[in-house]
1. Report yes if L27 is more than 25 Å from the chain's Cα centre (by Cα), touching a residue at least 60 places away in the same chain (Cβ under 8 Å) and within 19 Å of A100 (Cβ to Cβ), otherwise no.
2. Can you tell me which residue in the range 27-64 is farthest from N9 (Cα to Cα), limited to those that are out of contact with any helix residue (DSSP H, G or I) (no Cβ under 9 Å at 6 or more places or on another chain) and aliphatic (A, V, I, L, M)?
3. Can you give me the number of residues within the range 132-142 that are over 17 Å from A187 (Cα atoms) and assigned to a loop (DSSP other than H, G, I, E, B)?
4. I'd like to check something: does the range 43-53 contain any residue that is part of a helix (DSSP H, G or I), at pLDDT below 95 and under 28 Å from the mean Cα position of the chain (by Cα)?
5. Please work out if A75 is of a type outside the set (K, R), touching a residue at least 24 places away in the same chain (Cβ under 8 Å) and closer than 23 Å to G22 by Cα.
6. Residue pairs, Cβ under 9 Å, 6 or more apart or interchain, first in the range 144-155 and touching a residue at least 24 places away in the same chain (Cβ under 8 Å) and open to solvent by less than 40 Å² (accessible area, probe 1.4 Å), second in a loop (DSSP other than H, G, I, E, B) and among the hydrophobic types (A, V, I, L, M, F, W, C). List them.
7. Could you check T222 against (1) within 15 Å of the chain's Cα centre (by Cα); (2) modelled with pLDDT under 90 and say which number it fails?
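The values are calculated or read from the model by the stated rules, or taken from the named source; none is laboratory data. From a predicted model like this one, the values you see are computed outputs, not experimental measurements. Reconstructed Cβ throughout: ideal geometry from the backbone, glycine too, with neighbour counts over all protein chains shown. SASA here: full protein model, heavy atoms, side chains in, ligands and nucleic acids out. Shrake-Rupley method; radii C 1.70, N 1.55, O 1.52, S 1.80 Å.
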Amino acid sequence: EADVNENVNVYTSATKGFRIGGVNGNLPLGLCGPELEELGIEPSNATTYDSDSLWSYELGAKTRLSEDRVTLNGALFFVDWSNIQQLLRLACGFQFTQNAGAAESKGFELELMAAPSEGLTLSLGVGYTDAEITDTGGVPGVTEGDKIQGVPDWTVNSSAQYLWPLSSGWEGLVRGDFNFYGDSYSANNGEQRLRDSWSALNLRAGMVNEKWDLILFVDNLT
């Protein structure tokens with residue numbers, strides 16, 4: 001990490017992590033046995049799954065602009081995943097977690113925060129992720145190029161909030177939050193299950209002081 005000047009900081013990081021393994025629910029062989037045999041999966045190999053691990057690399061910058069009234073942060077990332085845990089959904093109606101081979105996730109994140117006037121704060125975050133299996137490890141039901149499950153391609157989060165003084169230590173508050181999540185995949189049963197993109201708009205209005213928040217709210221307005 002280094003300061004380019006008093007308003008710009010650049011950094012790089014390398015991090016190693018893992019998720020612990022676990023136990024799957026029992027698969028009824030009467031229902032699922034023929035399908036497991038067709039996929040080449042031994043039932044005893046579907047009872048548990050191992051830990052997976054990854055190395056995560058990041059290069060980014062943090063900036064302060066307009067006399068600290070604006071901050072702009074950005075980062076590029078690359079994740080190298082080993083023995084990744086993925087969900088396999090069977091046609092018999094049951095599912096289990098198994099360890100696929102290797103995977104990679106790469107993309108970027110941008111975050112903008114601003115206070116253009118007294119009491120008004122704005123924020124906007126945009127991210128993109130390309131995450132896919134690069135080596136099946138010979139695991140049935142997994143194909144090279146499959147998307148890593150549960151990872152949307154595009155994400156957007158934004159907010160606008162305005163506070164103004166009332167009386168006796170109280171302030172009025174109005175706030176809106178908008179979030180967008182792009183397409184992702186939830187499971188794999190020979191063909192990945194697509195989860196369509198979705199968005200949510202939440203609104204808040206009320207009064208606040210140091211001890212109390214009195215708020216009316218609407219979640220998922222649209």
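1. Values: more than 25 Å from the chain's Cα centre (by Cα): yes; touching a residue at least 60 places away in the same chain (Cβ under 8 Å): yes; within 19 Å of A100 (Cβ to Cβ): yes.
Considered against the rule, which asks whether it is more than 25 Å from the chain's Cα centre (by Cα), touching a residue at least 60 places away in the same chain (Cβ under 8 Å) and within 19 Å of A100 (Cβ to Cβ), L27 comes out as yes.
2. L31
3. 2
4. Residues of the range 43-53 that are part of a helix (DSSP H, G or I), as a first pass: 43-46.
From what's left, at pLDDT below 95: 43-46.
The next check asks that each one be under 28 Å from the mean Cα position of the chain (by Cα); those that pass are 46.
Yes, that holds for at least one residue.
5. Numbers: of a type outside the set (K, R): yes; touching a residue at least 24 places away in the same chain (Cβ under 8 Å): yes; closer than 23 Å to G22 by Cα: no.
Answer is no for this residue.
6. Cβ pairs passing all conditions: D146/A100; I148/I84.
7. Going through (1) within 15 Å of the chain's Cα centre (by Cα); (2) modelled with pLDDT under 90 one by one, T222 breaks only (1).
Let's see how each residue does on (1) over 26 Å from the mean Cα position of the chain (by Cα); (2) modelled with pLDDT of 95 or more; (3) closer than 20 Å to I41 by Cβ:
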position	(1), (2), (3)
E144	no, no, yes
Q149	no, no, yes
W154	no, yes, no
S158	no, yes, no
S167	yes, no, no
G172	yes, yes, no
N202	no, yes, no
